[in-house]
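Quick notes on the structure that follows.
The values are calculated or read from the model by the stated rules, or taken from the named source; none is laboratory data. These numbers were taken from a predicted model, which means no experiment stands behind them. Every residue, glycine as well, gets a Cβ built from its backbone with ideal geometry; the counts of neighbours run over all protein chains shown.
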Number of protein chains: 2
Amino acid sequence: MYRAPLNQISQTLNQVAGLPELLKTELFSELSPDIIDAILQEAARFSETRITPLRTKGDQQGATLKNAEVTTTEGWKALYKDWTDGGWNALTGDTAYGGQGLPTLLSVAVAEMWNSGSLGFAIASTLTMGAVEALEHHASDALKNTYLEKLISGEWSGTMNLTEPQAGSDLGALRSRAERADDGSYRIFGQKIFITYGEHDLTDNIVHLVLARLPDAPAGTKGISLFLVPKYLVNEDGSLGARNDVFCAGLEEKLGLHASPTCTMIYGDGFGDTGEKGAVGYLIGEEHKGLACMFTMMNNARLLVGIQGVAVAEAAYQKARAYAAERRQGRSLNAAKGAGMSPIIEHPDVARMLLTMKGLTQASRSICYATAQALDMAKADHANGTFWANRASLLTPLAKAFSTDSGVDVASLGIQVHGGMGYIEETGAAQLLRDARILPIYEGTNGIQAIDLVMRKLPLENGGHIHGFLQELRDITEQAKASDTLKIIAPQLELALNTAEEATRFLQDCIVKGDNQTALCGATAYQRLLSLTVGALYLTKAGLHDDNSAALAAFFAQNTLQETAGLKQVVLDGAANLTYATKLLQDI
Amino acid sequence: MYRAPLNQISQTLNQVAGLPELLKTELFSELSPDIIDAILQEAARFSETRITPLRTKGDQQGATLKNAEVTTTEGWKALYKDWTDGGWNALTGDTAYGGQGLPTLLSVAVAEMWNSGSLGFAIASTLTMGAVEALEHHASDALKNTYLEKLISGEWSGTMNLTEPQAGSDLGALRSRAERADDGSYRIFGQKIFITYGEHDLTDNIVHLVLARLPDAPAGTKGISLFLVPKYLVNEDGSLGARNDVFCAGLEEKLGLHASPTCTMIYGDGFGDTGEKGAVGYLIGEEHKGLACMFTMMNNARLLVGIQGVAVAEAAYQKARAYAAERRQGRSLNAAKGAGMSPIIEHPDVARMLLTMKGLTQASRSICYATAQALDMAKADHANGTFWANRASLLTPLAKAFSTDSGVDVASLGIQVHGGMGYIEETGAAQLLRDARILPIYEGTNGIQAIDLVMRKLPLENGGHIHGFLQELRDITEQAKASDTLKIIAPQLELALNTAEEATRFLQDCIVKGDNQTALCGATAYQRLLSLTVGALYLTKAGLHDDNSAALAAFFAQNTLQETAGLKQVVLDGAANLTYATKLLQDI
C-alpha cells in the first residue's frame, strides 16, 4: 500500500521549489526545517495509517442519498473528525481566525499525501479551503466573523456552486437568480449540478458559495454575483438556526471518485424552515463582480487539482512498482544463465513504463510545488510581489493541466504494468484510473487551461515574464553542463528550451497580430510542450544535488521530453490544417 | 447512438486494403462488390438495431455465476441466437463444414461493426472463430467432423485456455497437466484463469481449447500440448452426452467488459458425470507441439483484438462528435457577431480532439484491414504465398498494439470532449474507456507485441521484408506529390519514412550484433513509430481518391504523425539511459 515519499517530497521542496528562500522571508521566519519535517512526517503517518486503508471501501460503498441527506462511506465521518482534530484543515488559514498561517507550499505537500491516500476523501477539504480563500479576500467582516473560524477548523465545510446544466465552461450562461431582501440579505433560486460534497454527513453545517444573477444584472459574465448560502442559518451566538432552503436532489453515478458525493443542488424550492421561499444568501464582494471573487478560489483550487494529479500518479507508481518487483514472468536478458523467471521489473519495457511514470510524477510534483511557492512569495516578498504573482499565474495552468494529464497517463500505465491483474478491480489499479479521469475535466478543463495560458499568461509583463522564466531555466542548463552526470543531456535540454522559445514567440506574435484563432489552435500542444520543458529542467535542478535525481532527469530528457519536437510543429503548422479539416466533422 | 460508418469501411476496403486485388484471385472469384455491399449493409443494420441497444444493459447487468453456471445479460441469449441464425458466425468458416468461406478481410469489417455495438457481446464469437481456425489447421478429421460444423454455425462456442495464475505472458510456466487414457483420449487437470466466456448460457455446449503438459513433457514452452475439452461429451450421433469434469469456479470483477464473463475454470476436480476424475480431452496436433497450434489461433485473435480497438474508437468518436455538435458553450471566434453560444465542435481545441480521434480510428482501421487482406492473399495468391504470409506477420503486432492503444486514447479523449458529462456513467462515454482498457493487455500485451515485432518480424526475409514494405509506402508519397490536396504533406511523410527506416536499420543492426537488450529497450517506441508512419501513408493512399480523406490525411500528418521525431530518438538514444536509470526502481 501507499508509503508517503517523504524523501522525494522533501527534495522537491528544498532543491526545486525554493522552500529555503521562503523561510528567509519575514512572514515565514518562525518556521524552521525541523518543524516542517515534523509536520510532513505526521501527515505521512496519518495518510498511511488512516486514509489509505479506507480508499477501497470509499470506492465500493460510495456515498448514498436518502431524503435529501447524504451518508458517506462507513468510517469516513470518524476519519474526517480525527483529521480536523489534528488541525490539518487549518494549516494555511488566517491566524486571526484560528488558522496556522503556514505556507501554501507546505499545504500542497501535505495535500499530496491526503490525496494519495484517497482522492475521494481529500477533495472535501480542497473545496473548504477554496471557500476560506474566497472569504478571506472578499467577504465582509461580519461574514468572516460568522463563518471563517469554523471553516478553517473544518467544523463546517465549504462548496463551490458554479455549474448549471447549460453553463459549464461558459459561466456567462448561468441562470440561477438572486433577489434582494429587505434586511440586506438575498434569496437564491435555481439549480446547480456537479457540486462536490454539496451534501454530506461529515459536518454540522455546509457553507455553499453560489454564483447567481440579480434581476438587474447585465448579461454574460459581468452580471454574476457570489453569495454565501449556509445549509443551516447561523444565529447571532454562533449556534445553528433554521434549515435553509437548499437541498440535494440527486447524486451522480460516476466513473470513479465514488466516495465523494457529486450533488445536484436545488435552491429556493420552498422546503426550508426559514418561513419563506428562497435560500437565504449573503453577498460576497460586490454585486455583479462575483466572478472575480470566484476566480480567487478557482486558482487555488486549480493548483490543488494539479496536486491531486501528482497524488494519484504517485499512488499508481508505487502500486505498479511493487507488483513488478514481485511478479515473475519470463527470464530477462540480464538474468544469470539457468535462473528461473525474473521479476518483470527487469524487463526493459516494464522498466520503461515505470520510469516514465516516475518521471511524469516527479515533473508534475515539481511544477505544482513551484506554483505554490510563487503564491507564497507573492505574499511574503513585498518588493517583488507582482513578479511572484505573475509567476504563480503563469504556472497555474501547467500545474493543473500537466499534472492531471500525468495522473491519468500514469494510472493507465499502472494498469498496463499489472497486465491482466490490472483489469481486475480487486487489485486497485483500475480505481486509480477511474478516480483520476475527472481531473483533466473539473476546475476548468485542460483545454480551458491552455486558452488561459496562451491568451492571458503569455502576455504578462508585455510578454516578458515567460521569457524571463525561460532564461532562468537556461541557467539550470548551464549548471548541468558542469555536472558529470547531467552534461550528457544538455543538448536535449537546450533543444527543448529553444523549441519552447520558438513556440512562445510564434504564439505571442499571433496574439499581437490579432490572429487569436491560430493561437487557440496551438494552445493545447503548447501547454504540453512548455510543461515538459519546465518539468525536465526542474528534474535537472534536483539532479544537480544527487545522483538518483540526475538519473531520473536523464531518463526524462532522453525519453519523455522527446515529445516536444513534434509538439512544436503542431503549434507552428497545425492551425491551418485544423481549420481546413473541421469540415470532416460535419458527418460521421 | 452508433451508426455503422459504411462509407469509411467501404473506402478502406477498396482504396486502402486491396479488396479489388483479392476479388481477382480465383479463390474469391465468385464474390462481387454487390454481394459485399449487401453483407456490409445487413451487418450494419443488425449491429445498429440489435446489438448497440443492449450495450448499456450488458454493462450494468453483466454476467452472474450461480452453482457453476453463468447467466448472461437479459436479452443476450436471444440476440446471440438471432445473430447465429443470420449466419454471421459462419462467415469465414470452411465450406466443407457449413462455413461460407468468405475472406477474412470481409469478416474483420463486419467484426468491427459487432464490436462497435458491444465489445462484451462480440468477443464471444471472436474466441469461437479462433477455435475454428485452430481446429481447421491442426485437428484430426474425427475432431473436425464432430466439432467444426457446430462451432462454425455458432451452435456451440469456443474458448482459449492459456493463462494460469503463475503463467501469463510466460506460457512456459504453465502447470496444468494431461494424462493419457487407454482409449487414446486424455484426462486434463488444473486451473485456468481469465477465460473469456469460459461458461455461459448462450450455447448448449462449450468447446475449450486447453494448454497442458503431459507427464513426460520437456520443461518450458516445448512441453506444452493443446487439447480440446468439451463442456459436454459428444455422442457418436452428435447428441450431447455426459457433463465433462470442467467447471467455472469464479467470475472476475473487472473494470469493464461486464457483459463478458471472465471465468476461472477448474479441470479435473471430479464433479463431472463421466464416471471418472479428470476432464476428458482430445489432442489437437502433436504432443508437446501445442503452442504452435495455439499461435495459429492467437494471430487471428490478435487481429480481431485490433479490430476491437478500431470498433471502440469509432463508437467513442461518434458519441463525442454528436455531443460536441449539440452542446453549446462560449462563442467561437468564427461565430457571427452577436450570435449566441456556439456548438463546442467549433472551438479549436474540441475540433482538434475530434480530428485526432478520427485520424487514429481511421489509421487503425486501415492497418487492421490491410493485415486481414494479407492473410487472405496468403491463401489466395499461391505464387506469392510466403510474401503475403510475411506481410500479415509483420502487420499483426501493429494491428493489435496500435489499434488497441488508439482505442484507449480515443475513448479517453471522448470523455474529455464530453466535459463533466463524460464522467457520468449514464452518458456512456466512460463505459467505452472501461471496456477498451483491457485491449492493450489481453492476447499478448502491447509490450509483448513490440518484442514480437522487433525480434521476429524485422528479421523476416533476412531483414528485407520490412524495407520492401517501406518502399511501397514511399511510392504512395510519390503519388501524393502529384496531388494538389496532398503535396503539402509530402515533406512530413518523407521525414516519417526516413525516420522509420533509420530506426529499423538501427534495431536490425542491434539484433545482428547480438545486442538484444538495446533492441528490446526501443521496441515499444519503434512499434508506435512504425504504426504512425504506416497509418499516415494509408490515410494518404485513401486521400488520393477523395478530398475528405485527403483532409484527414493532412491533419494526421501535420499533427499526430509529428510524434515520430521524438520516438526515433527514444529508439536510438533511450536504451543506455533506461538501463542506467533502472536502479531508481529499487525503492519508492
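Quick check on A:T196: is it without any contact (Cβ under 8 Å) to a residue 40 or more places away in the chain and not acidic (D, E)?
Taking the combined requirement at face value, the residue does not satisfy it.
Counting just the residues of segment A:462-483 that are over 19 Å from A:Q527 (Cα atoms) and charged (D, E, K, R), which one comes out surrounded by the most Cβ atoms within 10 Å (Cβ to Cβ)?
A:K481
State which residue is nearest to the other protein chains (Cβ to nearest Cβ) when the search covers only segment A:322-354 and only residues that are within 21 Å of B:V454 (Cβ to Cβ) and surrounded by fewer than 18 Cβ atoms within 10 Å (Cβ to Cβ).
Within segment A:322-354, the match that is nearest to the other protein chains (Cβ to nearest Cβ) is A:L333.
Can you name every residue in segment A:392-407 that is in contact with a Ser or Thr (Cβ under 8 Å, 6 or more places away or on another chain) and surrounded by 24 or more Cβ atoms within 10 Å (Cβ to Cβ)?
A:L395, A:T396, A:L398, A:A399, A:A401, A:F402, A:S403, A:S406, A:G407, listed by residue number.
Taking B:E164 as meeting all but one of (1) within 14 Å of chain A (Cβ to nearest Cβ); (2) at pLDDT below 95, write down the number of the exception.
(2)
I need the full set of residues from segment B:317-362 which are farther than 23 Å from A:G444 by Cβ and assigned to a loop (DSSP other than H, G, I, E, B), in order please.
B:A336, B:K337, B:G338, B:A339
Quick check: anything in segment B:298-312 part of a helix (DSSP H, G or I), crowded, with 24+ Cβ neighbours inside 10 Å, β-branched (V, I, T) and within 14 Å of chain A (Cβ to nearest Cβ)?
yes
Mind checking which strands (runs of 3 or more DSSP E) fall wholly inside segment B:203-295 and carry at least 2 residues that are of a type outside the set (S, T, N, Q) and touching an Asp or Glu at 6+ places or on another chain (Cβ under 8 Å)? If you could, list the steps in order and put the result at the bottom.
Values: elements: B:206-212, B:225-230, B:232-234, B:240-243, B:246-251, B:262-267, B:279-284.
Result: B:240-243, B:246-251, B:262-267, B:279-284.
Any idea which of A:A523, A:A581, A:A536 is buried (at least 24 other Cβ atoms within 10 Å of the Cβ) and more than 8 Å from chain B (Cβ to nearest Cβ)?
A:A536
If only one of A:D381, A:D376 is of a type in the set (D, E), more than 8 Å from chain B (Cβ to nearest Cβ), more than 21 Å from A:A429 (Cβ to Cβ) and surrounded by fewer than 21 Cβ atoms within 10 Å (Cβ to Cβ), which one is it?
A:D381
Of these, B:L174, B:L143, which one is surrounded by fewer than 18 Cβ atoms within 10 Å (Cβ to Cβ), among the hydrophobic types (A, V, I, L, M, F, W, C), in contact with a strand residue (DSSP E or B) (Cβ under 8 Å, 6 or more places away or on another chain) and more than 19 Å from B:N300 (Cα to Cα)?
Values: B:L174 fails: surrounded by fewer than 18 Cβ atoms within 10 Å (Cβ to Cβ).
Going through B:L174, B:L143 in turn, the sole match is B:L143.
Of all residues in segment A:539-555, which are over 23 Å from the mean Cα position of the chain (by Cα), within 12 Å of another protein chain (Cβ to nearest Cβ) and in a helix (DSSP H, G or I)?
A:G543, A:D547, A:N548, A:S549, A:A550, A:A551, A:L552, A:A553, A:A554, A:F555
Any idea which of A:A523, A:A519 is touching an Asp or Glu at 6+ places or on another chain (Cβ under 8 Å) and either of a type in the set (V, I, T) or within 25 Å of A:N462 (Cα to Cα) (or both)?
One residue alone meets the criteria, A:A523.
How about segment B:414-443: which of its residues are more than 8 Å from chain A (Cβ to nearest Cβ) and surrounded by fewer than 24 Cβ atoms within 10 Å (Cβ to Cβ)?
Within segment B:414-443, B:H418, B:M421, B:T427, B:G428 qualify.
Is segment A:180-191 home to any residue that is in a loop (DSSP other than H, G, I, E, B), surrounded by fewer than 19 Cβ atoms within 10 Å (Cβ to Cβ) and within 14 Å of another protein chain (Cβ to nearest Cβ)?
no
Only one of (1) surrounded by fewer than 22 Cβ atoms within 10 Å (Cβ to Cβ); (2) modelled with pLDDT of 95 or more is not met by A:F271, so which one is it?
Here A:F271 clears every test but (2).
Can you tell me how many residues within segment A:530-544 are among the hydrophobic types (A, V, I, L, M, F, W, C) and either touching a strand residue (DSSP E or B) at 6+ places or on another chain (Cβ under 7 Å) or more than 19 Å from A:D452 (Cβ to Cβ) (or both)? Walk me through how you get there before you give the answer.
Filtering segment A:530-544 down to residues among the hydrophobic types (A, V, I, L, M, F, W, C) leaves A:530, A:532, A:534, A:536-537, A:539, A:542, A:544.
Retained after the next criterion (residues that are either touching a strand residue (DSSP E or B) at 6+ places or on another chain (Cβ under 7 Å) or more than 19 Å from A:D452 (Cβ to Cβ) (or both)): A:536-537, A:539, A:542, A:544.
Adding up the residues that qualify gives 5.
Give the residues of segment A:3-54 that are of a type in the set (K, R) and more than 19 Å from A:A313 (Cα to Cα), sorted by residue number.
A:K24, A:R45, A:R50
In segment A:497-520, what residues are buried (at least 21 other Cβ atoms within 10 Å of the Cβ), touching a residue at least 60 places away in the same chain (Cβ under 8 Å) and within 14 Å of chain B (Cβ to nearest Cβ)?
Scanning segment A:497-520 gives A:T499, A:A503, A:L507, A:A519, A:L520.
Taking segment A:152-161 as the search range and keeping residues that are of a type in the set (A, V, I, L, M, F, W, C) and either within 14 Å of chain B (Cβ to nearest Cβ) or more than 20 Å from the chain's Cα centre (by Cα) (or both), which one is surrounded by the most Cβ atoms within 10 Å (Cβ to Cβ)?
A:M160
Would you say B:L561 is surrounded by fewer than 24 Cβ atoms within 10 Å (Cβ to Cβ) and more than 7 Å from chain A (Cβ to nearest Cβ)?
no
Can you pull out every residue in segment A:411-468 that is of a type in the set (F, W, Y) and within 15 Å of the chain's Cα centre (by Cα)?
Answer for segment A:411-468, where residues must be of a type in the set (F, W, Y) and within 15 Å of the chain's Cα centre (by Cα): just A:Y442.
Need pairs with beta-carbon distance below 7 Å; first residue of a type outside the set (F, W, Y) and within segment B:440-460, second not in a helix (DSSP H, G or I); sequence gap 6+ or separate chains.
Close Cβ pairs (under 7 Å, with a partner that is not in a helix (DSSP H, G or I)) amount to B:T445/B:S169; B:N446/B:P440; B:I448/B:S169.
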